[in-house]
Every structure is written in C-alpha cells, then in structure tokens.
Amino acid sequence: MATGADVRDILELGGPEGDAASGTISKKDIINPDKKKSKKSSETLTFKRPEGMHREVYALLYSDKKDAPPLLPSDTGQGYRTVKAKLGSKKVRPWKWMPFTNPARKDGAMFFHWRRAAEEGKDYPFARFNKTVQVPVYSEQEYQLYLHDDAWTKAETDHLFDLSRRFDLRFVVIHDRYDHQQFKKRSVEDLKERYYHICAKLANVRAVPGTDLKIPVFDAGHERRRKEQLERLYNRTPEQVAEEEYLLQELRKIEARKKEREKRSQDLQKLITAADTTAEQRRTERKAPKKKLPQKKEAEKPAVPETAGIKFPDFKSAGVTLRSQRMKLPSSVGQKKIKALEQMLLELGVELSPTPTEELVHMFNELRSDLVLLYELKQACANCEYELQMLRHRHEALARAGVLGGPTTPASGPAPAPAEPAVSEPALGSDPSKDAIIDVVGAPLTPNSRKRRESASSSSSVKKAKKP
C-alpha cells in the first residue's frame, strides 16, 4: 500500500520538514502545490523589448528590480540630457561709452560709441575698409621736362589731379566739379586722355630698366565714337526702329530661302547620281557572264544609294515565303507616290498585280522603281522651272522700276503663265521698291500652288511616257 511519501514523490510535492519526516500529506500541500515554483519563477522573470519599440522608450519602463522613473526632473548628472551651458563665476567684461575718430576723415570729427574698456585707445576697426586711389605726384622739373603740353597749362593740370585725388577718379564727378570759368571747357574724354597720358609718361620715366610695365592706355577717339553711336541709337524715331525690324525680318526670310534652295539642289543631285548609278549597274549586268552575275550583284549593291527609286526588301530568312510578297511596296513609299505610280501603270496598260513568276517579279519591280525615279525627277525639274520663272518675273519688275539701272530685256524661253500673282509680304512703313529689292531671292511656294503644280507635272510625265 502506497504511503504519503510515495504520493508526494509522484506529485513532486515537498512539504515541511515535520510533515516530510512523518510522511503525512498536509492541506497546504494539496491546495497550493506550485507555491515554491511561482516564487522561483518570479525571481527569474525578465521582460523582453516589444518589437517596434525604440530602445530609449523601453529604457523608460521599469520592472520589479528597477526603481520607478521620477515624476519631476532632477538635477542629477545621470540621464539622457546633460547641461550644455556651464556658466562660470567670472566677472563680465565692462563696456564703456568712449569717443573715437575715423582716420578716413580729414576734418577731425569726434564721435562716441560703446566699446569694451580693454579696447580703449585702439584705432577705429572699420577704418581698414577705406581704400583710396594712388594718384601719382609729379615735380616741377618733371613737368617741364616730360609733361609739358601746349593745350594744357600747369595750373589746369594741377587742378585736374587735385580733383582726381578728391573724387577717386570718378571722372563724371570730376567733370561736374571742374572749374570751366577759370579754365577752358573740357569734355570727360579730354580729362581722361590728359590724366592717363601723364600716368603713362611718369611710369616710363620712373621705371627700372628690365622690368615689365603695365601702362594704362586710353583711346579717346574710340570713346567719342562709341558715345556718338549710342546717342544716334537712342535718338532714333519710331519709323526708323520699325524699318530696322522689317529689314531684319526680311534678312531672316532670305536666309531661310537660301537654305531651302541649297537643300533642294542637294536632293536633285542625289536623284541624278542615283539615276546614273542605276544605268551603269544595268550596263555592267548585261555585259557580265551569267555565272558571275550573282557575285557582282552582291558586290555592287552597296554602291547604289537608297534614293534610287524603290528599295524592295530581300526575303532571305528561313522558312516558306510567297513570291508575291516581293512585289509589295515598302512602307517608305508615300501614299502620293503610290497613287501616281498606279495611275502611270494604268495608262501604260500594265496590270497592278501580275502573275508572280520569277522573271515577272524582277522586271515589274524594276519598272516601278524606274517610274518612281522618273516621278521624282519630274517633280524636281518642275520646282526648278517654277523658281526660274519667279526670278525672271522679279528681274523684269525691277528692270521696269529702274532699280537695276539698265533697260528691260525680254526673258528668253517660254513665257511664264500668268496663273498666280506673287503674294506681297507685309511691310512696316515701306515702299514697293524696297520690297522688290529685298525679295529678289524668290518667294516661297504656297500649298495650293505646290499641289496643282505636282499634279500637272505627274500627268504630263505619264503622257510623255505613253507616247512612242
């Protein structure tokens, strides 16, 4: 039969020494079996810092082992904040109301201000900012030997240098304070020229041989011309200002037209070069043997510019392709060219989509490329003819107005069609002769005239190609 000691051993209970010795179970052992364990656990209990809480905030908390934080701030040195301003027990430096003089003033004026007593008798600290110009001083002998001038007397020169020292070379103020009643009336440029001439002369005389001199040079003539130009610019009338703006606008237009003509001439030259290159390539292809034809084609293809008609894509990728895809026009060809090409093919009696055999595809693509090249050449030729007619019209108008100074001569070639009058450009207070002189370079084309001319040139090119 189990005893009480066995039960306590099974339940891990430890009673008092008396009870343990007698081997009996008391009431306290049954009701409070975990009392000793709770005491031990309370002694070893520690708090962990929650996640998200800063260390400084967690340090303000307290547990059973720590003292509670104080409710009022204390003067102890322990803590997060320390006293930054440590006031000593020394005496404050005394200040004193004392007089002072400014060395920059020559009248000996006396002023008063607060200053530390230790600085009594020292110079005024702001006197170091007084900067003066070093005006040269000459003697009587130097003046008679080097500085004598018939247009200037010595008294007048002395008066000029005295004012230069007083007003620190501010020549506008010097000219205002100059004694024009006692001496001859002088301009600002005359005063500057006399002063800098004397400075340069004295520097040359007093210079040590072998040293580089920085001699000031004043060009009085240039200064006078500059002021005259400024006065003319300031005294312009509103009509003159408007005329100048108009001339500048016309100059910009002339430059823009010049750039446009140069660009057109470059495009035309590219087209001509492309046509010549294509013709030369075909001649070489006909003369070359059939076996070496593919190699020569590959070698000569890079020499042809992209502007030679139409550049059809090469389908050399792996996979099955239809031969009719080689007849599709590339996306670089515009809609206007496509419509003109279709019209030319219809007038020539050529189908728009023939049977795509190997020979037909090759010849059909070459025909369309030549037609597009012909269309571009006709368009460029029409542009040049139109510009030539415009220049011929303006030349005749200028000759009739007598601007060119010669008799009017009839223009050679076919007479231009009087379809569209020249558009006159707005002018600010200008006469027609001035417009004719400025607009000799040529007027830009209007959108409607350009469209009509392009359609007419395309139709005429088709008719000419259709004729035998």
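The values are calculated or read from the model by the stated rules, or taken from the named source; none is laboratory data. Predicted model only: the values in this text are computed from it and were never measured. Virtual Cβ from ideal backbone geometry, glycine too; neighbours counted across all protein chains shown. Calculation scope for accessible area: heavy atoms of the full protein, side chains included, ligands and nucleic acids excluded. Shrake-Rupley method; radii C 1.70, N 1.55, O 1.52, S 1.80 Å.
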Give, in nm to one decimal, the length gained when the segment between Arg232 and Arg261 is fully stretched (0.36 nm per residue of separation minus the Cα-Cα distance). 6.7 nm
Can you tell me the dipole magnitude for the stretch 323-401 around its Cα centre, using point charges on the Cβ only (Lys, Arg +1; Asp, Glu -1), in Debye to the nearest 20? 380 debye
Here the FRET efficiency for Val7 versus Met53, based on Cβ atoms and R0 = 51 Å and rounded to 0.05, is 0.60
Just the number, please: carbon plus sulfur as a percent of the accessible area of the stretch 140-235, 1.4 Å probe, no ligands or DNA/RNA counted. 49 percent
Can you tell me the dipole magnitude for the stretch 140-235 around its Cα centre, using point charges on the Cβ only (Lys, Arg +1; Asp, Glu -1), in Debye to the nearest 20? 280 debye
Contact order normalised by length for the stretch 323-401, with contacts defined as Cα pairs under 8 Å and 6 or more residues apart; what percent is it? 34 percent
Contour minus end-to-end for Val173 and His148, with contour as 0.36 nm per residue of separation and end-to-end as the Cα-Cα distance? 6.5 nm
Charge dipole of the stretch 323-401 about the Cα centre (unit charges at C-beta), most positive-ward option of Gln343, Ala397, Tyr375: Ala397
Treating only the Cβ of Lys, Arg, Asp and Glu as charged (+1, +1, -1, -1), what charge dipole size does the stretch 96-179 show about its Cα centre? Round to the nearest 20 debye. 880 debye
Phi to ³J(HN,Hα) by Karplus 6.51 cos²θ - 1.76 cosθ + 1.60 over the stretch 377-385, Hz, x for Gly, Pro: 5, 5, 5, 5, 5, 5, 4, 5, 5
Most to least packed among 52-60, 136-144, 208-216, 339-347 [average Cβ atoms within 10 Å]: 339-347, 136-144, 52-60, 208-216
Output wanted: per-residue J couplings in Hz (rounded whole) for the stretch 127-135, from phi through Karplus 6.51 cos²θ - 1.76 cosθ + 1.60, θ = phi - 60°, x for Gly and Pro. 6, 6, 7, 7, 9, 10, 7, 7, 8
What shape does the stretch 240-285 take by its C-alpha gyration tensor, where a ≥ b ≥ c are the square roots of the eigenvalues and a/c under 1.5 counts as rounded, a/b above b/c as prolate, and the rest as oblate? prolate
Potential extension, Phe111-Ala155 segment - 0.36 nm per residue separation minus Cα distance: 12.1 nm
